Each structure stands twice: as structure tokens, then as C-alpha cells.
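Enquirer: Dumping the structure here so I can ask a few things about it.
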Amino acid sequence: MEDTQAISYYSPTFYQNPYERFQQFIEKGEIHRVKFPSGVYGWLVTGYDAAIKTLKHPNIRKSHKVGNAQWSKLASVMPEPQHTRLQQHLLHQDPPRHTEMRSLIMEAFSSSRTEQFRDKITTIVHQLIEPLIESGECDLIADFALPMPFLVLSEVIGLSEKHRKQFKPEWCKAVQPLSPNHPGRAGYLNLLDELESYIENIIIESRGGDSDRLIVQLISARDNNKLSHDELTSMLFQLLVAGQEPVTNQIGNAILALLEHPEQLEALKQDATNMDNALTELLRYDGSFAFTTWRFFNQETEWLGQTIPAGETIIVALNAANHDPAKFSCPHQLNFNRKRNKSLSFGYANHFCPAMPLARLELEISIRAILHYLPNIQLACDIKELDWINAVLTRGLHALPVTYTSEL
Ligand code: HEM
């Protein structure tokens, strides 16, 4: 049934400048009835305090079983049997199972272990940037930000050389399902089949390997009955596929923000000790995980002045919360000296991104290298010509063409 109160806000102009639209939402209130591109009706939370309270609400659930019939029909479109086999990872679990599964990966992504990869990540970044220096121009997404996260992830989760070579970048599109009547559906199903066989082969061929490797640890958790087979394949799917795109997009968003603010870019180049604050601010200013994934209330709940039926979709607009003037003064300004900059770029509460230290380290090393090796970097097109990815949760660019002087 058509819901005439619901706002449909996704459009090409929305992607050009979502912050203007978010501002209008925030002025109207903390929660809004919306129609998502899938046709699903649900709720969008935009205020910072409301976002925090929602993400830790005791009635909030992630399990797809809690979603109502409209959501299951229109939005949960990964087909069976892959839906069952690949959709049991952390973002679809609730405590206590979520806590048990999450504990299996936390050590591998801890700050101290991540720091041990600094030299390796630096080498990967330099190997990708060096061939770009001479030409004086490149597409920073295709030539750098796209390949880099997979190479890093392979090291951190312990993907063997053989499996690295077999990985097809197009498998990352598995997280963007095409509906059953979409002309590209057959191609999408084929991609899922290939990805599933790849993951099954990783499990068979990595079993009993070096126990330092996260992949081997997860397989032995399965062998010790701490994970079901479907939970294992889902977790590997999530680590391999979902951990790449936000890093790629965040590099693009951060470099674009710096190109739009040449004084801050120059200041950061001169005083790289401010990198930590700069990174926090770049993540707040234009985060790549613009919205959380789906959530549902497990029972009818009075929330932020609305009565929300059980199973209706709730999404938190992280980038709107990060630009809430009640929390951040002059929120649309890029300010590396902002105090108490507690943004929600990596989410909040139970599902807070476990790989934040890794993502920040990748960003830090990448930004330092780009500013150092690609001097006088500038946007090679009009900013209005930039093509933003048209996806529900994502904030990122298809391409970021830049020029720079080639001598060092
Ligand atoms: C700049 C890069 C990144 C950003 C901005 C980011 C952001 C986020 C956010 C906002 C969430 C929570 C989503 C929600 O609550 O619905 C999340 C969860 C997650 N992220 Fe990241 N992420 C990044 C990089 C990575 C990387 C490199 C990995 C490594 C594989 C990763 C693995 C995960 C996992 C496994 C979860 C699910 C955690 C759970 O449900 O308990 N992320 N991320």
C-alpha cells in the first residue's frame, strides 16, 4: 500500500550534495518516515543523540528474521541458497550469538596487531603509487584506492598467494543484489556461484595451515563446533568482500575534501603530526559508510515521538548525525582542530566496526603517500562532473581524476 507520508529522498541530486538534504531532515526532527529505493517503507534517524540512543536501544535487532514481510520481499533479495549460506555474518546477528562470533575476529583486528602491518601496508601503498608518478595524471580510485584494500586485507586475514591471484574484483558487487526481474540478474547469480565456490575452496585448502592466519583460525573454530559451516562461509564472505569498499570510498572522499580545501591540504603536508586529528575530521566530514545497515524493533516501540511497529526497517544516517549542528559547531566546515570530535563514522554500540584501527592505518599511510609522491595534486575535472556511486548505504566516487607535477 502506498504511504503518502513517506519521503523518497534518493536521486542523482541527493548524491551530489547529501548534506543539504540531511540539514533539512535535521531541522524537521530526529526520525523520518521514508521510502527506500527498494520500495521498502521505513524510518530514517538523522540526529546525533537520536542515532546513539537508537543503536543501543534494547529492542533493536539485526537478524533478518525480525524484518517484516514487505522488507523480506523487496529488500532481502539475495536468492536462496546463497542467502542462507552467505547472510549469517556479524551484521545479521544479535547477542548472545553475535558476541560469540565477534570474539573470534577481535584479536586479529586489534590496534596492536594492526600496527605490526605498518611496514607491509607502506610497501603495498608505495608499490601502487610509484608507477603513477611519472605520468602526472591518474584516476586515484581505479589506479590506487580500488586495488589497495584487497592487498592489505589479504595480508591481515592470511589469504594465500594462490587465493589472492584467483580473487576477482567483480565479486565485490555481490553486496549489491539485483532484484529477480532485473536484466542483470543471471550475471549476478553467476557471480554468487563463483564467489561461493571460491570461499569453499579457501576452506578446503587452508584447513590446518599456519594458526597465525585469521582464515585458518576461523576454519578451526568451525572444526571445534564454535561456528556452523554457513556462519564460517558468511564470515569469510564479509571479511573478503565488505571490508574493501568503505576503504576505497573513504580514500576518494578524503582526498576530494583536501582538494577542495587547499590550505588545509598544505598545512597537513607541512605538519604531518596533525594526521590523527585530520583523519578523524575527514571521516566525520564525508564518511564512506553514510548509513548503517538495516535494523528492526523486535516489538512495537514508542520511539522519538513515533509508534514503530515490530519488523519495520530503521536506518541511521551516520553522515547526517556527523553533521548535526547540536553536536558539531559549524558542521559543514572541515576543521582539523575540532575538539571532542566523536563522530559515528565507524558506527556505534554492538556492531561498531571491528577493523577501525586497520582502516585508519590504511588511510593514514595512503594520504601521506599521495601528498608526498603526487605534489601539487589537483582535481582534473569540474567538481560537478564527479560521478557519485548510486547505492543506498555508500558514499563514494566512481572515479577521481587528478593531475600533479611529476618531479619530486
Ligand atoms: C574507512 C573504512 C571503513 C568504514 C568507514 C567502516 C564502517 C563501518 C560501520 C559504520 C560499520 C557498522 C555498520 C552498522 O552498524 O550497520 C562497520 C561494521 C563492520 N566492518 Fe567496517 N568500516 C571500514 C572498514 C572495514 C574494514 C577494512 C574491515 C575489514 C574486514 C571492516 C569490517 C567490518 C565488519 C566485520 C563489520 C561488522 C561488525 C559487527 O557487525 O559486529 N570494516 N564498518
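Enquirer: Using θ = phi - 60° and the Karplus form 6.51 cos²θ - 1.76 cosθ + 1.60, what ³J(HN,Hα) does each residue of region 140-157 get, whole Hz, x for Gly and Pro?
Expert: These are the phi-based 3J(HN,Hα) values: 4, 6, 5, 8, 9, 5, 6, x, 4, x, 5, 5, 5, 4, 4, 5, 5, 9 Hz.
Enquirer: Got a sec? Charge dipole of the chain, +1 on Cβ for Lys and Arg, -1 for Asp and Glu; which of 54, 177, 265 is way out at the positive end?
Expert: 54
Enquirer: List the relative contact order of region 1-156 as a percent without decimals, with contacts defined as Cα pairs under 8 Å and 6+ residues apart. Can you show the working numbers first?
Expert: Details: 90 pairs, mean separation 21.2, N = 156.
Relative contact order for region 1-156 comes out at 14 percent.
Enquirer: Using alpha-carbon positions, what is the distance between the centroids of region 1-28 and region 272-294, in Å?
Expert: 22
Enquirer: Which length gain, in nm to one decimal place, applies between residue 63 and residue 353 when the Cα-Cα distance is subtracted from 0.36 nm times their residue separation? Working shown, then result.
Expert: Values: separation 290, 0.36 × 290 = 104.40 nm, distance 1.74 nm.
Between residue 63 and residue 353, full extension yields 102.7 nm more.
Enquirer: Taking the Cα centre of the chain as origin, work out the dipole magnitude from +1 charges on Lys and Arg Cβ and -1 charges on Asp and Glu Cβ, in debye rounded to 20. It would help to have the intermediate numbers written out before the result.
Expert: Values: 38 positive and 48 negative charges, 250 e Å.
Value, rounded to 20: 1200 debye.
Enquirer: Restricting to the chain, what percent of DSSP beta bridges are antiparallel, rounded to 5?
Expert: Working: 19 of 24 bridges.
Counting only bridges with both partners in the chain, antiparallel ones make up about 80 percent.
Enquirer: Next question. Calculated from DSSP H runs of 4 or more alone, at -39500 (n - 2.57) each and per residue, what is the 222 nm mean residue ellipticity of the chain, nearest 500?
Expert: Working: 18 runs with 182 residues, N = 408.
My calculation for the chain gives -13000 deg cm²/dmol from helical runs alone.
Enquirer: Which value, in Å², gives the accessible area per residue of the chain when a 1.4 Å probe is used on the protein heavy atoms?
Expert: Working: 18520 Å² over 408 residues.
Value returned for the chain: 45 Å² of accessible area per residue.
Enquirer: While we're on this one: Under the definition of Cα pairs under 8 Å and six or more residues apart, what whole-number percent is the relative contact order of region 87-243? Each step should come with its number before you reach the end.
Expert: Numbers: 96 pairs, mean separation 46.1, N = 157.
After rounding, I find 29 percent.
Enquirer: State, in angstrom, two size descriptors of region 1-97 derived from its alpha carbons: Rg to one decimal place and Dmax to the nearest whole number.
Expert: Looking at region 1-97, its Cα Rg and Dmax stand at 15.5, 44 Å.
Enquirer: Something else now. Summarise the accessible area of the chain (1.4 Å probe, protein heavy atoms) by the percent that is carbon and sulfur. Write out the running numbers ahead of the final one.
Expert: On the way: 9460 of 18520 Å².
Of all accessible area on the chain, carbon and sulfur atoms account for 51 percent.
Enquirer: Before anything else, pin down the relative contact order of the chain: Cα pairs under 8 Å, at least 6 apart, normalised by residue count, whole percent.
Expert: Numbers: 589 pairs, mean separation 108.3, N = 408.
The normalised contact order for the chain reaches 27 percent.
Enquirer: Per residue of region 280-289, what does 6.51 cos²θ - 1.76 cosθ + 1.60 with θ = phi - 60° give for ³J(HN,Hα)? Whole Hz please, x for Gly and Pro, Karplus curve as stated.
Expert: For region 280-289, the Karplus curve yields 4, 6, 5, 5, 6, 4, 8, x, 7, 9 Hz.
Enquirer: Let a ≥ b ≥ c be the square roots of the eigenvalues of the Cα gyration tensor of the chain; is it rounded (a/c under 1.5), or, if not, prolate (a/b larger than b/c) or oblate? Intermediate results must be reported in sequence, preceding the final value.
Expert: On the way: a/c = 1.56, a/b = 1.09, b/c = 1.44.
Here the chain falls in the oblate category.
Enquirer: Would you mind telling me which residue in 293, 13, 114 has the biggest mean-square fluctuation in a Gaussian network model of the chain, where springs connect alpha carbons within a distance under 10 angstrom?
Expert: Sorting by GNM fluctuation, first place goes to 13.
Enquirer: Please report, in debye to the nearest 20, how large the charge dipole of region 33-99 is about its Cα centre when each Lys and Arg carries +1 at its beta carbon and each Asp and Glu carries -1 there. The partial results should precede the final answer.
Expert: Working: 10 positive and 3 negative charges, 18 e Å.
Around 80 debye, computed over region 33-99.
Enquirer: Next question, about the same structure. Of 386, 92, 123, which is farthest towards the positive pole of region 12-403's charge dipole, taken about the Cα centre with +1 and -1 on the beta-carbons of Lys, Arg and Asp, Glu respectively?
Expert: After comparing all options, I get 92.
Enquirer: Using the Kirkwood formula on the Cα atoms of region 145-221, what hydrodynamic radius do you get, in angstrom to one decimal?
Expert: Details: mean 1/r = 0.0722 Å⁻¹.
In region 145-221 this quantity evaluates to 13.8 Å.
Enquirer: Determine the dipole magnitude for region 278-408: charges of +1 sit on the beta-carbon of Lys and Arg, -1 on that of Asp and Glu, nothing else is charged, the reference point is the Cα centre, and the result goes in debye to the nearest 20.
Expert: Working: 11 positive and 12 negative charges, 103 e Å.
Here region 278-408 has a charge dipole of around 500 debye.
The values are calculated or read from the model by the stated rules, or taken from the named source; none is laboratory data. The shown structure was predicted, so the numbers you read here are calculated from the model rather than taken from an experiment. Cβ: placed from backbone, ideal geometry, glycine included. Neighbour counts: every protein chain shown. Keep in mind that these areas ignore ligands, DNA and RNA; they rest on the heavy atoms of the full protein, side chains included. Shrake-Rupley method; radii C 1.70, N 1.55, O 1.52, S 1.80 Å.
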